[in-house]
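The values are calculated or read from the model by the stated rules, or taken from the named source; none is laboratory data. All values reported here derive from a predicted model rather than from experimental measurement. Here the Cβ positions follow ideal geometry from the backbone for every residue, glycine too, while neighbour counts run over all protein chains shown. When the accessible area is computed, the model is the full protein with side chains, heavy atoms only, and any ligands, DNA or RNA have been set aside. Shrake-Rupley method; radii C 1.70, N 1.55, O 1.52, S 1.80 Å.
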Amino acid sequence: MTRRERMLEDRYLRDSARALVEADVEHVKTDLARKGLAARTFDTVKDGAVDLYEEAIDVAKDNKGALAALIAAVVVWFARNPLLDLFGLGEEDDASEDDAGPAER
């Protein structure tokens with residue numbers, strides 16, 4: 001192959017590659033004009049959240065006992081003060097007596 005043939009072949013390959021890149025850029029521009037970047041990001045996040053929710057449902061179905069124990073622990077945690085008061089183990093409210101001062105005692 002002569003130098004000229006090699007140069008023409010290289011130029012053809014370069015022009016072909018450039019045409020592909022320019023077509024891709026135009027495709028991206030058209031696609032972004034149709035649907036903005038914010039909408040694409042929202043859709044991606046929404047799809048991820050839906051996938052996470054479906055996976056959580058599958059795990060919950062497989063581990064019903066563990067899920068019940070977790071829910072019970074959360075309920076007990078939020079109800080801990082009334083439960084402790086019920087058994088007489090709650091914190092006594094000494095601060096309200098100290099704030100009254102010596103004149104009111």
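Under 13 Å from the Cβ of LEU52, count the other residues' Cβ atoms, weight Lys and Arg +1, Asp and Glu -1, and hand me the total. Working shown, then result.
Values: positive: LYS46; negative: ASP47, ASP51, GLU54, GLU55, ASP58.
Residues near LEU52 contribute -4 overall.
For the chain, modelled as a Gaussian network with Cα springs under 10 Å, which listed residue fluctuates most, ARG11, ARG40, ARG80?
Of ARG11, ARG40, ARG80, the Gaussian network model singles out ARG11 as fluctuating most.
Using every pair of alpha-carbon atoms in segment 1-91, split the distances into 10 Å bins beginning at 0 and state the percent of pairs per bin, rounded to integers.
Cα pair-distance distribution for segment 1-91, in percent: 13, 15, 14, 15, 13, 11, 8, 6, 3, 2, 0.
Let me know the charge dipole size of the chain about its Cα centre in debye, to the nearest 20, where only the beta-carbon of Lys, Arg (+1) and Asp, Glu (-1) is charged.
Working: 15 positive and 24 negative charges, 327 e Å.
With Lys and Arg at +1 and Asp and Glu at -1, about 1580 debye.
Evaluate the distance, in nm, between pseudo-label points positioned 7 Å from the Cα of GLU5 and of VAL59 along their respective Cα→Cβ axes.
6.4 nm
Tell me, what HN-Hα J-couplings in whole Hz come from the Karplus equation 6.51 cos²θ - 1.76 cosθ + 1.60 at θ = phi - 60° for each residue of segment 4-10, using x for Gly and Pro?
Taking θ as phi minus 60°, the curve returns 5, 5, 4, 5, 5, 5, 5 Hz for segment 4-10.
Chymotrypsin sites (Phe, Trp or Tyr not before Pro), restricted to segment 1-91: which are DSSP loop and have at most 14 other Cβ atoms within 10 Å?
Numbers: sites: TYR12, PHE42, TYR53, TRP77, PHE78, PHE87; in loops: PHE87.
Filter output for segment 1-91: PHE87.
So what's the back-of-envelope 222 nm ellipticity for the chain, counting only DSSP H runs of four-plus at -39500 (n - 2.57) apiece and dividing by all residues, rounded to 500? Spell out each step's value before the answer.
On the way: 5 runs with 87 residues, N = 105.
So the helix-based figure for the chain works out to -28000 deg cm²/dmol.
With all protein chains present, how much of the accessible area of the chain (probe radius 1.4 Å) comes from carbon and sulfur, to the nearest whole percent? Working shown, then result.
Values: 5960 of 9850 Å².
Solvent-exposed carbon and sulfur of the chain make up 60 percent of the total.
Can you work out the Karplus-derived ³J(HN,Hα) for every residue in segment 19-31? Use 6.51 cos²θ - 1.76 cosθ + 1.60 with θ = phi - 60°, whole Hz, and x for glycine or proline.
3J(HN,Hα) across segment 19-31, in whole Hz: 5, 5, 5, 5, 5, 5, 5, 5, 4, 5, 4, 5, 5.
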